[in-house]
Each structure stands twice: as structure tokens, then as C-alpha cells.
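*Asks:* Provided herewith is a single structure, encoded as C-alpha cells, for subsequent inquiry.
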């Protein structure tokens, strides 16, 4: 190797040492890429929330609530939604092979109402607040969740019903 000749020196592999605390351009780009990809992934996860579809099971059944047996009240994709009625009560619902959840809610769901309260009395009357609980069968269909709601008077309350939390 010739000493002192500048034309023979290979400067492509020159190592530069930076002062402490300074981030070089490559690290900045990697940090920015990491932040952007993480935020896009989180935003994408929020966009995957399920679409809620609520139906009034009482109205969909109508007069079929007085007839024992299985009655089709709707469709979820290719799956027929059926309500099984026994003694004027819904005892079960199914929608093909979709998983079902039995849920309850103190909120007014899908227009289910108790009806009017009529009182006749000769003396003082004390009324307690009525808690309107709706009971529903919810089916998970991938990006959509379908729930069919009933007043307490329309369902058999023998099984455990969990508090409704949207998926």
C-alpha cells in the first residue's frame, strides 16, 4: 500500500463516530416507521368492531308466540333464525351453526316495551319503579352481531342470562 497517496485511499468504509445523544438518520427513519405502522395497526383494530343489528323478537314472532314449535323469524346470511316456542314462551333460539349467547339488558333494546300500567284504588297508592329488563339471543356472524330481544314475559328464565356487552 502506498503511503501518503490520496488516490489509493478507499473512503467508502469511513467510520464516523457521533456525539452521545444524537440519533442518526437511519435510526430516525426506523423509529418513524415503527410509530406509523403501530398506529395504523391500532386504527385497523378499531375499524374491526362488530356491526350491531337489533331486532324486536316479540314483534317478529307476532301471533306465532301462541303456537308451540319452531318458527322462522329471519335470516342471517344463509342461516335461518328460528325461535322455539312452548306454552307462549320462547325457550330457545338458533341460527344454523352460528354460536348463540343468552343476554339481558336494563336498557330499552329494539323497542321492547312493558306496556301501560293501570291503577284503581280507594286509598293511598305507593308505586315502585319498574325495572324493564329485556332478554335477548345474540348470534355472532363474523363482522356482524345479530340480537333478537324479548320482554321478560315472553321468555323462560330458567337458564343463566349474562349482562349484554356488545362484541
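*Asks:* Which count do you get for residues in the stretch 137-157 that are under 13 Å from residue 103 (Cα atoms) and not in a strand (DSSP E or B)?
*Replies:* 3
*Asks:* With respect to residue 63, determine if the residue is modelled with pLDDT of 80 or more, assigned by TED's automatic domain parsing to the domain that holds residue 133 and loosely packed, with under 14 Cβ neighbours inside 10 Å. First the steps, then the outcome.
*Replies:* Numbers: modelled with pLDDT of 80 or more: yes; assigned by TED's automatic domain parsing to the domain that holds residue 133: yes; loosely packed, with under 14 Cβ neighbours inside 10 Å: yes.
So residue 63 fits the description; yes.
*Asks:* Just to be sure I understand, how many residues within the stretch 153-167 are touching a residue at least 60 places away in the same chain (Cβ under 8 Å) and farther than 27 Å from residue 51 by Cα?
*Replies:* Counting residues in the stretch 153-167 that are touching a residue at least 60 places away in the same chain (Cβ under 8 Å) and farther than 27 Å from residue 51 by Cα gives 1.
*Asks:* Out of 97, 92, 122, I need the residue that is modelled with pLDDT of 90 or more and in a loop (DSSP other than H, G, I, E, B). Which one? So that I can check it myself, show each step before the final result.
*Replies:* Numbers: 92 fails: in a loop (DSSP other than H, G, I, E, B); 122 fails: modelled with pLDDT of 90 or more.
Answer to the selection: 97.
*Asks:* Additional query: Report, ordered by the first and then the second residue, all pairs with beta carbons closer than 9 Å, sequence separation of six or more or different chains, a first member in the stretch 64-78 that is touching a residue at least 40 places away in the same chain (Cβ under 8 Å), and a second member that is assigned to a helix (DSSP H, G or I) and surrounded by 15 or more Cβ atoms within 10 Å (Cβ to Cβ).
*Replies:* Within 9 Å, the pairs are 65/58; 65/154; 73/57; 73/60; 73/61; 73/64; 74/60.
The values are calculated or read from the model by the stated rules, or taken from the named source; none is laboratory data. Predicted model, so just to flag it, every value in this text is computed and none were measured. Here Cβ is always computed from backbone atoms with ideal geometry, including for glycine, and neighbour counts include all displayed protein chains.
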